[in-house]
Protein chains: 2
Amino acid sequence: MKKSIGILGGMGPMATADLYIKILAMTRADRDCDHIRIYIDSDGQIPDRTAAILYGGEDPVPEMTCALRNLEKCGADCVLLPCNTAHCFLPRLQALTDTPILDMTRIAARRCRELFPGRRPAILGTRGLLATGLYARAMAEEGLDCLIPNDEEQGRLMHLIYDVVKASLPMEPEKETWRSLLEGLRARGAEVFLLACTELPILANTLELDGPFLDPTEELAREAILTCGYELKG
Amino acid sequence: MKKSIGILGGMGPMATADLYIKILAMTRADRDCDHIRIYIDSDGQIPDRTAAILYGGEDPVPEMTCALRNLEKCGADCVLLPCNTAHCFLPRLQALTDTPILDMTRIAARRCRELFPGRRPAILGTRGLLATGLYARAMAEEGLDCLIPNDEEQGRLMHLIYDVVKASLPMEPEKETWRSLLEGLRARGAEVFLLACTELPILANTLELDGPFLDPTEELAREAILTCGYELKG
């Protein structure tokens with residue numbers, strides 16, 4: 001039985017489009033009808049996740065629940081959250097629905113072990129995500145010890161995520177910021193870079209610097225295709 | 001009052017993603033919350049429109065109605081159809097709902113007159129679309145006389161749309177097919193090329209040949225942003 005996907009999106013919208021395109025591009029399909037049925041609620045009004053986790057900002061769960069209910073009404077068989085930081089709220093959301101929500105952080109950690117055995121991953125994400133320790137735990141469950149960016153590096157990541165990608169500004173002028181960030185982490189022992197904010201694959205793809213990178217959005221797309229009973233493109 | 005968009009998509013899925021990204025890229029937005037709420041039903045099971053129009057294929061309206069109902073349940077304030085050929089069925093769909101469905105063919109014809117005054121447009125689309133005469137009528141309402149590809153040219157367009165873009169095959173090997181198609185139409189009087197199948201802007205963007213082109217998907221995105229009370233990016 002083939003299943004459909006619901007994408008609880010808008011966090012941010014370009015990251016949602018990135019996930020949607022990755023699912024389409026990775027599905028074995030010769031015709032429109034070979035593609036998975038996908039429902040998207042691209043809801044930019046979901047309150048900022050890092051602000052909620054760290055600075056007493058508005059709880060995003062009520063607005064996420066509204067989007068979740070829309071996906072349920074459409075008939076989604078599983079739900080994807082294209083925002084790593086939002087995974088902090090996954091247990092609360094999952095408690096509200098019987099529709100399974102795929103956990104991108106666990107999927108990415110498992111794939112990191114499979115694809116980069118023995119390599120130490122650096123977790124590139126928002127301050128909110130890193131404060132939760134979500135990826136450190138997911139990696140530990142896979143037997144991996146990860147490197148967390150320091151405060152200055154987190155500041156640079158927040159700049160790239162919020163002031164550049166989310167603000168739809170040109171990325172090319174930030175190439176040196178990105179390059180030196182990766183170099184600094186590499187010097188401290190990083191052997192693979194986890195693009196653990198869904199805005200970062202867009203940046204990494206545009207700036208084309210050396211990784212290696214692991215892209216949780218791509219791994220979530222892959223898992224969703226298989227979960228729904230479709231085949232990956234060869 | 002800011003409004004939301006529903007995209008009745010999947011015809012094909014990549015064209016739906018193209019429209020979604022164009023809306024995001026063309027909206028004046030510095031933060032996630034500056035973006036329009038967008039609901040998408042990406043439904044690849046909608047029967048082929050050209051097959052229904054020309055060859056007695058299954059009527060797509062029942063499946064399109066199912067997707068329309070999903071967008072209504074989400075609360076969409078207007079509906080977009082990112083498939084030019086599907087506009088043949090717009091009057092039947094509009095009769096089923098009070099939610100306005102924006103007419104991409106009329107929007108594109110008006111913009112063709114505004115952006116390329118006095119130039120003769122060639123309509124590049126599917127055999128189904130061209131058989132309906134939809135664009136010829138929309139252009140005539142704007143006082144424009146258009147050029148319709150001949151049978152051989154329509155065959156080449158169907159190849160590019162179905163065997164290349166919809167089949168997710170590399171487009172680069174088709175550069176000569178595309179170039180000579182445009183040259184032939186130019187020799188017969190075309191002065192601007194209307195990319196009147198939503199798969200064609202993807203092809204035109206990848207192959208980067210001289211136009212000028214008018215992209216109905218982009219014009220639909222522009223109109224939708226303004227209709228919803230948002231501003232265009234400067």
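For this structure, a couple of remarks:
- Tabulated pairs, the range B:178-195, first assigned by TED's automatic domain parsing to the domain that holds B:Leu115 and within 16 Å of B:Gly155 (Cβ to Cβ), second β-branched (Val, Ile, Thr) and surrounded by 15 or more Cβ atoms within 10 Å (Cβ to Cβ), C-beta under 6 angstrom, 6+ apart or interchain: none
- Cβ separations smaller than 8 Å between residues 6+ apart or across chains give the following pairs from the range A:154-177 residues that are in contact (Cβ under 8 Å) with a residue 12 or more places away in the chain to residues that are small (Gly, Ala, Ser) and part of a loop (DSSP other than H, G, I, E, B): A:Leu157/A:Gly125; A:Val165/A:Gly12; A:Lys166/A:Gly12; A:Ser168/B:Ala29.
- A:Thr206 being surrounded by 14 or more Cβ atoms within 10 Å (Cβ to Cβ) and either within 14 Å of chain B (Cβ to nearest Cβ) or of a type in the set (Asp, Glu) (or both): yes
- Residues of the range B:19-35 satisfying the condition of being more than 7 Å from chain A (Cβ to nearest Cβ) and either surrounded by 24 or more Cβ atoms within 10 Å (Cβ to Cβ) or among the hydroxyl-bearing types (Ser, Thr, Tyr) (or both): B:Leu19, B:Ile23, B:Thr27
- Applying the set (1) within 14 Å of another protein chain (Cβ to nearest Cβ); (2) buried (at least 23 other Cβ atoms within 10 Å of the Cβ); (3) touching a helix residue (DSSP H, G or I) at 6+ places or on another chain (Cβ under 6 Å) to A:Lys73 leaves exactly one unmet item: (2).
- Leading residue by the ranking (nearest to B:Asp103 (Cα to Cα)) among those in the range B:135-174 that are among the basic types (Lys, Arg) and at pLDDT 95 or above: B:Arg137
- Taken over the range B:205-224, residues that are at pLDDT 95 or above and under 16 Å from the mean Cα position of the chain (by Cα) amount to 12.
- Sole exception among (1) modelled with pLDDT under 95; (2) surrounded by 20 or more Cβ atoms within 10 Å (Cβ to Cβ) for A:Gly118, by number: (2)
- The single condition from (1) more than 14 Å from chain B (Cβ to nearest Cβ); (2) under 30 Å from B:Gln45 (Cα atoms); (3) among the aromatic types (Phe, Trp, Tyr) that A:Phe116 fails is (2).
- Inside the range A:1-40, residues that are farther than 19 Å from B:Arg31 by Cβ and not in a loop (DSSP other than H, G, I, E, B) make up a count of 18.
- Scanning the range B:71-98 for residues that are within 20 Å of B:Gly57 (Cβ to Cβ) and in a helix (DSSP H, G or I) yields B:Thr85, B:Ala86, B:His87, B:Cys88, B:Phe89, B:Leu90, B:Pro91, B:Arg92, B:Leu93.
- From the options A:Leu194, A:Leu182, residue that is at pLDDT 95 or above, out of contact with any helix residue (DSSP H, G or I) (no Cβ under 8 Å at 6 or more places or on another chain) and under 15 Å from A:Cys146 (Cα atoms): A:Leu182
- Hits in the range B:161-175 - residues which are surrounded by 13 or more Cβ atoms within 10 Å (Cβ to Cβ) and not in a loop (DSSP other than H, G, I, E, B): B:Ile161, B:Tyr162, B:Val164, B:Val165, B:Glu174, B:Lys175
- Within the range B:41-70, the set of residues being free of Cβ contacts under 8 Å to residues at least 12 places away in the same chain and either part of a loop (DSSP other than H, G, I, E, B) or more than 12 Å from chain A (Cβ to nearest Cβ) (or both) comprises B:Tyr55, B:Gly56, B:Gly57, B:Glu58, B:Pro62.
- Applying the condition of being more than 12 Å from chain B (Cβ to nearest Cβ) and aliphatic (A, V, I, L, M) to the range A:76-90 and asking which residue is surrounded by the fewest Cβ atoms within 10 Å (Cβ to Cβ) yields A:Leu90.
- Filter result for A:Ala109 (crowded, with 16+ Cβ neighbours inside 10 Å, at pLDDT 95 or above, in a helix (DSSP H, G or I) and not assigned by TED's automatic domain parsing to the domain that holds A:Ala190): no
The values are calculated or read from the model by the stated rules, or taken from the named source; none is laboratory data. Quick caveat: nothing in here was measured; it's all calculated off a predicted structure. Quick reminder, even Gly has a Cβ in these numbers, built from the backbone with ideal geometry, and neighbours come from all protein chains shown.
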